[in-house]
Every structure is written in C-alpha cells, then in structure tokens.
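Quick note: the coordinates plus some simple rules give every number you see, no bench work behind them. It should be emphasised that the depicted structure is a prediction, and the values quoted were computed from it without experimental measurement. A quick note on method: Cβ atoms are made from the backbone with ideal geometry, for glycine too, and the neighbour counts reach across all protein chains shown.
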2 protein chains.
Amino acid sequence: MMNSLPECSVDLIFADPPYNLQLRGDLHRPDNSKVDAVDDHWDQFNSFAAYDSFTRDWLKAARRLLKPDGAIWVIGSYHNIFRVGAALQDAGYWILNDVVWRKSNPMPNFRGKRFTNAHETMIWASKAEGAKYTFNYEALKALNEGVQMRSDWVLPICNGGERLKDDNGDKAHPTQKPQSLLHRVIVGSTNPGDVVLDPFFGTGTTGAVAKMLGRDFIGIEREDAYRKVAEKRIADIRPYDNSALQVSTSKRAEPRVPFGQLVERGMLRPGEMLMNARGQMAKVRADGTLVGDGITGSIHQVGAKLEGAPSCNGWTYWHFKREGKVVPIDVLRQQIRADMQ
Amino acid sequence: MMNSLPECSVDLIFADPPYNLQLRGDLHRPDNSKVDAVDDHWDQFNSFAAYDSFTRDWLKAARRLLKPDGAIWVIGSYHNIFRVGAALQDAGYWILNDVVWRKSNPMPNFRGKRFTNAHETMIWASKAEGAKYTFNYEALKALNEGVQMRSDWVLPICNGGERLKDDNGDKAHPTQKPQSLLHRVIVGSTNPGDVVLDPFFGTGTTGAVAKMLGRDFIGIEREDAYRKVAEKRIADIRPYDNSALQVSTSKRAEPRVPFGQLVERGMLRPGEMLMNARGQMAKVRADGTLVGDGITGSIHQVGAKLEGAPSCNGWTYWHFKREGKVVPIDVLRQQIRADMQ
DNA sequence: GCGGACGTTGAATCTCAAC
DNA sequence: AGTTGAGATTCAACGTCCG
C-alpha cells in the first residue's frame, strides 16, 4: 500500500508498529484474574531477524513517502524500540529526540520480578541530517505552562470513555493510544492542512486527532475489524474551528523588518543617538547603520562589538528616548509589523 | 583488560560507554556564553559501523565475565542507546526493563529547535532468556514510598559538592553520573559481597557507591587522569556499617512518604542516627528503614512502637543533627519536593 | 546570620534566508 | 553549494556577594 502512494507526499508519519512482545504463557494477577495480553497474530515474529526485516522494509517505504522537510514519529517499548531506532539511523533518518511517554497509570508488575513498565519510548526523526523539519516550539511551550517542553511527557493511558469497545463490550484494539499523545505530536510537528500518514492505523487515533486539528490524513490498516471501527469513529469527529487551530508562533515566523525602515519612515531621525543598558551611545545614520565608539555597522554588529560577543540582537539591545522615557527600538518594529497587517 | 579476567566471575556490570554524540561546531547560550561540550577524543567514532563494532566487542567480553545469574546495566542517550540495545539482544542478553532517568535539572535546548533533552535511558538485562537474576524488589519498594518501583526514576544530575573537580577547579570528568543513580542500581540488583564490574570506570562513581554499600568492584579505565581521581576518591570512602546494609526482604506496611530518597540522595548517610524528642536514637539503613531499640521498620513504624501509639508521623517525630543543630527530617523532604516540581 | 540579587553551569547531534 | 549576516534563544541548581 505504501509503495503505491506518490513519493514525497506526506508531511508527517506517525507509526505504532507491532512491538514483537515475545510473551510466553499466561499472566495472572495476585487475585488470580488473567491479564488480557497482546497475543494477536500480527504481533508474532519468528526471530529478531524477521522483525528487523519487516522494520527495515516499512521504514524504507515510509522514507520514500516523506517530503524532504517531513518527519517521522515511531512509538515502541524495550522489546522493539532499540531495533527500530537502529534501523531508523541506518535508513538515513536523523534522530531529533527520543521522547518518553511516562504513563500516569501503568499496569503494575504483578510478580514483583521487575520494575513497573511505566513508560513507552517515541523516536522523532527528520528525513536526513540537516533537513528542515516543523517544530512549533512556542505552541508546545504554551502547552507546558510557559516553560520549554521536555523529552518526558506525563500522560494517562487510554481508558474510560475514550477506549473503544466492540459489540461484546471488549476493547476493540489491544493497544489503543491516548488522543492526548497524538495531540501533542501533531500540534508540535505539523501545521493545519498538512498530510499525516499512519501506516499502522489500528482503530484510527491518528486520523481522529488529525481530523480534529484540521490536518489531512492517510491511514493504512490490514485488519478489517480495526478498519471498520476507525471509519465509524472518524466519521463522528467534528474538526475544531479554524480560529482555534491557530497556535503561538515564534518571532522567527514574523516578517523581517530592516532597521533602515525606521529611518525611512521617520520613526528615528538620522543623527539621533541610541543607547545600550550601560549608557554607551551610537549615532543613527541615514542608511540605517550605526556609528559609535569608532565602530560602524548594523545595529547587531555594533552591539556585538561593544559587548565582545559573537552575536547580539540589536532590536532589544538598543534604546531611544521619547518624552523622557527610554524605550527599546523593538517597539518601533512592532508598530511597523502592526501596520503591515 | 576484560578478556584477561576469568569468565563467569562478576555479578553485575554497570557500563556507561561513550555516547558517540557527533556534535558539529559550537553552541552558545542566549547570554552568549559557550556551552562546554563533550568533545573528548574518546567520544569520537568515524561511523555508526565503527561504533557498532566497538559496542559488540565490549558487550561480548562483558558477557563472558558475567556469572550465569548476573546482570548488566548500560546507560546511554538517543545517540547510541538504540544501537546498544539491539547489540545486547543480538549478543544473547535478555532485556528485563529499560529504565528512564528523568533529570530534574537538565540543560535546556537553547535554540528552541527541539525538546529539552531531559532524560537518559538505561537498559537492564540478564545474561540470557530464562536466566535468574538478582532483584531486591522489597528494598526498592521501600525506597519508593512503599509502592512498586517504576521504570522512570526522577533524580538530579551530578553537581554541587558531589561533582569532582580537578586542580584548576574544572570538572574532572565531563559526564560524571550521580551517586543516587548507582545507589538504586546496586541496591536493586546486587547483594552485599557481590562483585560489580564497570568497564568504563571514569572517575569511579560505580566503585565509590559499591564500596559504600559493601560490594566488591572492578573498575577499568583507559585515561590516566580519570583513574587517578577515582583512586583518591574511593580511598576516602568509608563503607556503611554492615547492619545498615540489610534491606527489607519481607512484606510490610507501606510508609506514606519516600524516606528512602533521603538516603539515595546522600542527605542522610546509612548508619546515621536519628533521635526523637526524648533523645531515643534509631539508625538509618541503606534502604530507608530504621533500626532502634530492637525495633526495625519505617520511620513511622519505629516511632509508633517507641510511643506505644497506633500511629506516628515519622517526618515530624524524627530529628537529625547538622552543624550542632537538631532538625526534623521533614526539612529534607521539603527539599526533595522542591526538586521534583 | 539571613535573604535576595546575580553569576555560572550541565552527555547538545540547537538558525536560516539571501546572496 | 558555500558564505554572509540578521537576529532568535534557557531551566534548575548552586555558589558568591552584598546589604
């Protein structure tokens, strides 16, 4: 299926492949109830070599489908994630982060023989070293109460009303992922209108969240039963309003304003003096360069020289006087940007 | 060196191999200061293939040294851990858990281009599928406020007084690990008298903690400078009293607070004496239990026994001495809570 | 002696458009 | 494909200094 799609056509791939759990026999809880394990035929592989071969095949197909600036997320556990990670690197992907999903309510280890398996690992990778990729830094920072999002995410597992059930009331899929996880992945690494591919679609969590968030999606799923559940589920989803999909953006995304425009527009007069926090002065020239202390150049260059620093943001470094108050020149840039809208 | 040691002779291997970081160029903080990167020659490999070859060699040598019931821990980051994990599985080791060290104070991502790299991954594996291994379940549970220890551990990075400095006041090793991490590994997967091998000894954190905890150790380190620091460091270590090394082996009531973390973090030494308001004393043990007046148990249990009361808040009941002052242990809990936010 | 201000630092694969 | 230059970008823990 993947090989029948056009190359360089998707912005994001989210993949939740079989984990190759290699479970032996049944597991019972201390109260003697039996644990409903993942023993489906699609999780059976004869050897690590067979699993590796499967992994390398789909990763190769996935990479062909990715746009040059696209990215992939893969989720797994210790059973498979090391093989997946090595295969990703070998296929030419460039790992950007590994992210730990720390489950707030994991299943305990009933026998007391190991640690509670309380997390799963996701790998986030771009198509190649040096490739561009989408990262909505400010939006994720906003999701995290104003501090930079970390590589460990604390989220509950999927249960309650979100957990899809079949006609018998049993869970429709053994490893349904929480929507909160996909929400963070999709908000963080796509923009509205982007195309998201999930090659192990299952009951369609990726598609459901993509649709809610105004992203297009492609889902591939081999099992009829899962596909039917996914189709019904996604048909019931109503996308959020367009206005709700706008997220915080970084300053980098804002239009560039040359300092010279401030002079051209008469916001600063040639000959006017700017000052830094230490009270050092520089004179504005008609072409938008500064002169101060025998140094000539852009607002950034003169600031960097004065500080002996490798670089300097002149917009926040330099100040001017208006009605007795000292104001950073960045407020003038804000005015121009407001005018431009 | 490893191949010169007798086979099947060590109980535990802790390995902190080079991560193969592949850094390009310098990185500056927003305040223009330069990040002191890990650019040491020992972390340079020409390719993934070279790193894999190195990894498979030492993992093979390590497996020969392990007793049949021994275990290995390896720590790494996304740069190398997937290759290490796959090589472990290919070499015949059997992964028991992957454990995430969630750093309470990681270095941020200064350019806002990725997630804060806030964790490292450890892999815990036995020598082969079905092999026995040591797991002090109750001791770890006691260290974790009476609930089963999870696969994610929140611990601070190594800094402050614990961080070893050279004669210039610079850090003696760029990647020194915190003792709290080794404390948990060694208490959890060895018994007193066991032999611990660290084939990438560095400045000897593994040896220091092993010695404190009454385990024997072997350290291998190529760099003279690190070895010298390690030798001096370990010579200054005083092992805890034998009685403090006894850990819980039977079920007991659950304490409501993680007193054991005070020991792991070195805020209280195993063997240190606590006192109540009447001047009665109790000794702290390595797993966070107390022993005093013939009574053993949690801080709450021992307090309750001494008072003949049905219950007791050990946090306010017990006190310790610092610089001549008697302070309730609750102040240490406050510090940890502040760290964990 | 205490508290607040300020400076330093930690395993980091850390920019990007225009020329 | 390489170079240039604008200009965007950090969190928690410690240690020191000063009032």
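Observations, loosely collected:
- Computed from the Cβ-Cβ distance with R0 of 35 Å, the FRET efficiency linking A:Asp224 to A:Asn105 stands at 0.70.
- Taking trypsin sites (Lys or Arg not before Pro) across the range A:1-107, the ones in a DSSP loop with at most 12 further Cβ atoms lying within 10 angstrom of their Cβ are A:Arg24.
- B:Glu307-A:Ser47 pseudo-label distance in nm [points 7 Å out on the Cα-to-Cβ vector]: 6.5
- Each other copy holds its own label point for A:Arg29; taking that point as 7 Å from Cα along Cα to Cβ, the gaps run 4.9 nm, nearest first.
- Copies compared at A:Pro156 - label distances in nm, ascending, label defined 7 Å from Cα in the Cβ direction: 3.3
- Remark: the B:Arg24-B:Gln335 segment gains 108.2 nm on full extension, using 0.36 nm per residue and subtracting the alpha carbon distance.
- The Cα center of the range A:296-311 and the Cα center of the range A:1-53 differ in position by 56 Å.
- With eigenvalues of the C-alpha gyration tensor scaled by 5 and rooted, the range A:268-329, Å: 17, 14, 9
- Extension gain (nm, one decimal) between A:Trp94 and A:Asn159, 0.36 nm per residue minus Cα-Cα: 20.1 nm
- Size of electric dipole in the range A:1-87: Cβ of Lys, Arg +1 and of Asp, Glu -1, about Cα centre, debye, nearest 20: 300
- When only the Cβ of Lys, Arg, Asp and Glu is charged (+1, +1, -1, -1), the dipole of the protein assembly as shown relative to its Cα centre reaches about 1300 debye.
- A simple spin-label model places pseudo-atoms 7 Å from Cα toward Cβ; at B:Glu129 and B:Ile295 they are separated by 5.1 nm.
- Kirkwood Rh in Å, taken over all unlike Cα pairs in the protein assembly as shown: 28.4
- Theoretical FRET efficiency, 1/(1+(r/R0)^6), r = Cβ-Cβ of A:Met275 and B:Glu323, R0 35 Å, to 0.05: 0.10
- Selection from A:Asn97, B:Phe115, A:Trp124 lying farthest towards where the dipole of the protein assembly as shown points positive, charges on Cβ: B:Phe115
- In summary, the aspartates and glutamates within cross-link reach of B:Lys177, defined as a Cα separation below 14 angstrom excluding same-chain residues under 8 places away, comprise B:Asp16, B:Glu120, B:Glu162, B:Asp198, B:Glu264.
- The sum of -39500 (n - 2.57) across all DSSP H runs of n ≥ 4, divided by the residue count of chain B, sets its helix-only mean residue ellipticity at 222 nm to -8000 deg cm²/dmol.
- Cβ-based net charge around B:Lys283, under 12 Å, with every Lys or Arg adding one and every Asp or Glu removing one: -1
- Among the trypsin sites (Lys or Arg not before Pro) within the range B:260-341, those in coil by DSSP and having at most 12 neighbouring Cβ atoms inside 10 Å are B:Arg278.
- For B:Pro328, the distances from its label point to the matching points in the remaining copies are 4.5 nm, ordered from shortest, with each point set 7 Å beyond Cα toward Cβ.
- If R0 is taken as 35 Å, the Cβ-Cβ distance between A:Leu5 and A:Ser180 corresponds to a FRET efficiency of 0.80.
- With only Cα atoms counted, the range B:54-138 has Rg and Dmax values of 15.2, 47 Å.
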